[in-house]
Amino acid sequence: MTYLKVLKVFYVLLAVVGAILAIVSYFQHSLYLKSFGLVLLGSSLVFNSYTTHLE
């Protein structure tokens, strides 16, 4: 049970950091920040679906 909670916290943190980086990249006009933020958001979706599958 704790393993699922750790995965849930992990993908929520990935999503939050990814969203923050995507917003900051808008102001900084940085393609690298935007790409990294989108990669974090995508990996958050993967971990979300994996956690849902385990439940």
Checklist line | Criterion violated by Ser44 - all others in (1) open to solvent by less than 40 Å² (accessible area, probe 1.4 Å); (2) touching a Ser or Thr at 6+ places or on another chain (Cβ under 6 Å) satisfied | finding: (2)
Item checked: Close pairs from the range 6-25: first within 10 Å of Ser43 (Cβ to Cβ), partner among the acidic types (Asp, Glu), Cβ under 6 Å, at least 6 apart -> none
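Among the residues of the range 19-32, write down those that are surrounded by 17 or more Cβ atoms within 10 Å (Cβ to Cβ) and at pLDDT below 85. Break it down into steps so the answer makes sense when it comes.
The initial filter retains those residues of the range 19-32 that are surrounded by 17 or more Cβ atoms within 10 Å (Cβ to Cβ), namely 21-22, 25.
Matches in the range 19-32: none.
The values are calculated or read from the model by the stated rules, or taken from the named source; none is laboratory data. On a predicted model such as this, the values are computed, not experimentally measured, just so you know. When we count neighbours, we look across all protein chains shown, and the Cβ atoms used for this are built from the backbone with ideal geometry, even at glycine. Just the protein is used for accessible areas: all its heavy atoms, side chains included, with ligands, DNA and RNA removed. Shrake-Rupley method; radii C 1.70, N 1.55, O 1.52, S 1.80 Å.
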